[in-house]
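> Quick one: structure below, then a few questions.
None of the figures in this text is laboratory data; all of them are computed from the coordinates on show. Just so it is clear, the model here is predicted, and its values are computed rather than measured. All Cβ positions, even for glycine, are placed from backbone atoms using ideal geometry, and neighbour counts span all protein chains on display.
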Amino acid sequence: MTICRCFIALFACVAAASADETVDLTPWSNIGSGPLTVETSLRYAAKVTAEETTQAVPVQGELSLTYTQQELASGPTGAPRVIRRVDRVTGAELRAEARLLVAEADALGAKVVGANGPLTRAELDVVQAAADPLDIDELLPGGEVRDGGTWKVDPAMVGRLMRLTPGENCELVGVVSDITPTHARLRYAGTIEGVADGAKVAIELRGVALFDRGAGRLTKLNLAWKENRELGPATPAVEATAKLNVTIAEGESGSPIDSDDIGLAEKRQFDDRLLVRYAAGGWTLLAERDWFVVAEDRRSATLRRIEGDQIAAVTTIVSDSPRDLGLPAFESEVRYALGRDLSQIVESQVTPDDNGVARLTVASVGTVEERPVAWRHHRLASADAALSATTTLRVDEAGAADDTPVRRLIESVRPVVAQSETAAAEATAVRR
């Protein structure tokens, strides 16, 4: 549907509106104050086409989440922060340690982390979705708007709401469709194009919101959209329809968030890396959110790091036997594996044991299909487990390759021996 037709549909809803009545749509109530009770429900139906296949797989489901939210002291950047206690979830699994959350306002959409430690990507998809309560008031124009009046939502705010980087065609129009002494009903329609997780996305969006004049904020938001997402560098192609309902109300006084939990959340360093388990749960690592697991089995995992719409790095981690392997032998294995593609070994080093893990590193450069390539090879070994990791890095026009994200990724790798040791390893990595 074109933007012109969106306008026609919107105006049809408010044709009988009074031109004299106005409402002040300036949000003045702090959404972080509280406690507040937030209820969200998402229904979706999609066709998903994975990489290297033309077969679309139908997927559908329903997810609901209810949590209590309360304001925290602002973080180091001054951005508003809230604590969230998940009270109920259906349609998805959340570990017990993933039910206490910290959310911080961000220009790209509210960022959510676990108060007790890192989340998995599957958990993140549940607790950090479109239309976060910290973001929805950006739909408001601010100031007095007459009944039937319209405005365009800032594309940056649209991107924040839908968690994408907006493109040139990103237009969402709002209109006041009804005003009462206590509320104003708002409607939205538009077409959104942008990039999400490196993939091009096109969305046709419709919405209805309720502005509470006494609370000074939106208290209800219903969104419905049709989405077409192209195959991305780390995500499948998706054709989907979805309906999202968000309701925000004053929290129940009988179930406040525990003061100890608030203290824990306020001390939490805002490390937003994600927990990845692989090799049948024998190892864990913490990955920045631009790393995506694209393949895994019981012995290995492959991750891609995305910059914009490009693949910046590919890391494959494979479980190995805990054999005695020194740096010269590891370097020989690297030379053999790369063969004629290898031009030179540029650096080799042994890193002192880190919590019982010995680390070998070899940096190399070469060419693949006449293109310059840089590699980083790592071997990690504990007393009873080992793994090897090989990363292919994109080389820029100056011939340089940034391996900082890879080093940070590999430094977070820990073997899992027992539950207590797993918790300690994750806590150590989070504190860094």
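> What do the square roots of 5 times the Cα gyration tensor eigenvalues come to for the chain, in whole Å, largest first, as semi-axes of the equivalent ellipsoid? If you can, show how the numbers build up before the last one.
Details: eigenvalues 416, 136, 60 Å².
Over the Cα atoms of the chain, the semi-axes work out to 46, 26, 17 Å.
> Pop a pseudo-label 7 angstrom from the Cα along the beta-carbon direction at both residue 26 and residue 60 and give the gap in nm to one decimal.
Going from the residue 26 label point to the residue 60 one covers 4.7 nm.
> Give, in nm to one decimal, the length gained when the segment between residue 107 and residue 307 is fully stretched (0.36 nm per residue of separation minus the Cα-Cα distance). Each step should come with its number before you reach the end.
Working: separation 200, 0.36 × 200 = 72.00 nm, distance 1.77 nm.
Roughly 70.2 nm would be gained on extension.
> Here is a further query. Express in nm, to one decimal, how much length is gained between residue 212 and residue 408 on full extension, taking 0.36 nm for each residue of separation and deducting their alpha carbon distance.
Working: separation 196, 0.36 × 196 = 70.56 nm, distance 4.56 nm.
That pair, residue 212 and residue 408, stretches by 66.0 nm at full extension.
> Using 5 Å bins from zero, what percent of all Cα-Cα pairs in segment 266-310 falls into each bin?
5, 19, 26, 20, 14, 10, 5, 1
> Report Rg/Rh for segment 350-422, rounded to two decimals, where Rg is the Cα radius of gyration and Rh the Kirkwood radius. Numbers along the way, then the final one.
On the way: Rg = 14.8 Å, Rh = 13.7 Å.
The Rg/Rh ratio comes out at 1.08.
> Lysine pairs in the chain with alpha-carbon atoms under 18 Å apart, 8 or more places apart or on different chains: how many are there? Could the numbers behind the result be given before it?
Working: 47/200; 47/226; 47/243; 111/267; 200/226; 220/243; 226/243.
For the chain, qualifying lysine pairs total 7.
> Can you compute the helix-only [θ] at 222 nm over the chain? Use -39500 (n - 2.57) per DSSP H run of at least 4 residues, normalise by all residues, nearest 500 deg cm²/dmol. Walk me through the intermediate numbers first.
Values: 7 runs with 68 residues, N = 432.
Result for the chain, helices only: -4500 deg cm²/dmol.
> Let me ask another. Report the far tail of the P(r) of segment 65-153, meaning the percent of Cα-Cα pairs longer than 22 Å. Walk me through the numbers on the way to the answer.
Details: 1359 of 3916 pairs.
Cα-Cα pairs in segment 65-153 separated by more than 22 Å: 35 percent.
> Multiplying the sequence separation of residue 336 and residue 154 by 0.36 nm and subtracting their Cα-Cα distance, what value in nm do you get? All intermediate terms of the calculation are to be shown ahead of the outcome.
Numbers: separation 182, 0.36 × 182 = 65.52 nm, distance 5.47 nm.
Value of the extension gain: 60.0 nm.
> In units of 2.2 N^0.38 Å, what is the alpha-carbon radius of gyration of segment 94-194?
Working: Rg = 16.4 Å, N = 101, 2.2 N^0.38 = 12.7 Å.
Compactness ratio reported: 1.29.
> Then there is this: Calculate how steeply helix 327-338 sits against the longest principal axis of the alpha-carbon atoms of the chain, using the helix alpha-carbon long axis, and give the answer as 0 to 90 degrees to the nearest 10.
70 degrees
> If I take all pairs of Cα atoms in segment 259-380, what percentage of them are more than 18 Å from each other?
Values: 4836 of 7381 pairs.
That tail contains 66 percent of the Cα-Cα pairs.
> Mind listing the phi-derived Karplus ³J(HN,Hα) values for segment 128-137, rounded to whole Hz, using 6.51, -1.76 and 1.60 with θ = phi - 60°, and x for any glycine or proline?
Using θ = phi - 60°, the values come out as 10, 10, 5, 6, 5, x, 6, 10, 5, 5 Hz.
> Let me ask another. Using a basic spin-label model with each label point 7 Å from the Cα along Cα→Cβ, how many nm lie between residue 261 and residue 224?
Each label point lies 7 Å from its Cα, and together they span 3.5 nm.
> Using a Förster distance of 60 angstrom, determine the FRET efficiency expected from the C-beta separation of residue 50 and residue 146, and round it to 0.05. Walk me through the numbers before you get to the answer.
Numbers: r = 49 Å, r/R0 = 0.82.
My answer for the efficiency is 0.75.
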